[in-house]
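Peer 1: Have a look at this one before I ask anything.
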Amino acid sequence: MGLTEGQLAEDLTRAMKARDMPRVYVLRGLLTAAKNLKVERRGGELTEADLVQLARRRRSSRPAAGAASWWPRTGASAPSSRRMRPRRSMPPRSSA
């Protein structure tokens, strides 16, 4: 069983359904790189060796997993200017 673009697309679909965002980002990047390589070569199917080479190239260009993350932290709070302020209570409307 070799690595194919179809298999990557299926893995992407499964990762999106599972809401596994780190995997989604990686698979989207790999599929985009594969499409760009196909365009550079003016069509034609990519071999398993081409896809493995793309994956290795992408892995070596990414920072280490334990290094400072380039992606925004999910637990970080919004800047103070964007925080929602409590709504002021309004006096009741007169029915006149």
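Peer 1: What order do you get for Arg56, Arg42 when you list them from fewest to most C-beta neighbours inside 10 Å? Mind dumping the intermediate values first?
Peer 2: On the way: Arg56 10, Arg42 6.
If I rank by nearby Cβ atoms, fewest first, I get Arg42, Arg56.
Peer 1: Can you compute the modelled spin-label distance between Arg56 and Thr13, with each label point 7 Å from Cα toward Cβ, in nm?
Peer 2: Label-label distance for Arg56 and Thr13, simple model: 3.0 nm.
Peer 1: Here is a follow-up. Give the order of Val24, Val39 when sorted by the count of other beta carbons within 10 angstrom, beginning with the fewest.
Peer 2: With the fewest neighbours first, Val24, Val39 line up as Val39, Val24.
Every number in this text was worked out from the coordinates using simple rules, so none of it is lab data. Everything quoted here is computed from the prediction, not taken from an experiment. Don't worry about glycine lacking a Cβ; one is built from the backbone with ideal geometry, like all the others, and counts go over all protein chains shown.
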